[in-house]
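Beneath this line is the structure, given in structure tokens, with notes to follow.
The values are calculated or read from the model by the stated rules, or taken from the named source; none is laboratory data. Only a predicted model underlies this, so the values are computations on that prediction, with no experimental measurement involved. All Cβ positions, glycine included, derive from the backbone under ideal geometry; neighbour counts span all protein chains shown.
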Amino acid sequence: MKKTKQTEVTNRNGAKIVIPAKLLLEWLQFGDGVLHSIKLNDDYLPALDIALVIEHPDLPSVPPNEMLRTVTPQYTSHYGEGNLIGIERTDPPKGKSEEN
């Protein structure tokens with residue numbers, strides 16, 4: 001009988017992190033929107049990208065039975081004295097719905 005080398009199993013640190021939908025929408029600066037779904041590893045996205053389906057007036061209008069467009073929001077970071085002091089969503093612009 002052949003001897004096999006035992007692999008030592010060690011614990012690892014990890015947990016399932018739950019982020020409330022409202023908080024996630026606020027972080028993304030779509031605070032008054034509705035989060036419909038979250039998908040990891042979408043067929044059309046690189047591995048480990050997350051696809052969110054969000055309904056919000058600043059996002060493109062979608063006619064009934066049409067596919068959603070893919071939008072990658074752009075953010076600008078603001079620093080003061082070497083520290084991050086704020087992040088602002090620049091695209092799609094905030095308040096776009098107010099201009100319609």
Name every residue in region 56-76 that is of a type in the set (Asp, Glu) and closer than 11 Å to Arg89 by Cβ, in order of residue number.
Asp58
Condition set among the hydrophobic types (A, V, I, L, M, F, W, C) and in a loop (DSSP other than H, G, I, E, B), scope region 53-100, selection nearest to Glu26 (Cα to Cα): answer is Leu59
Within region 19-52, the count of residues that are under 23 Å from Thr76 (Cα atoms), modelled with pLDDT of 90 or more and either part of a helix (DSSP H, G or I) or not hydrophobic (A, V, I, L, M, F, W, C) (or both) comes to 11
For region 53-100, enumerate the residues that are modelled with pLDDT of 90 or more and basic (Lys, Arg).
Arg69, Arg89
Cross-chain or 6+ apart pairs with Cβ under 6 Å, region 15-32 first and free of Cβ contacts under 8 Å to residues at least 60 places away in the same chain, then surrounded by 13 or more Cβ atoms within 10 Å (Cβ to Cβ) and small (Gly, Ala, Ser)
Leu25/Gly33
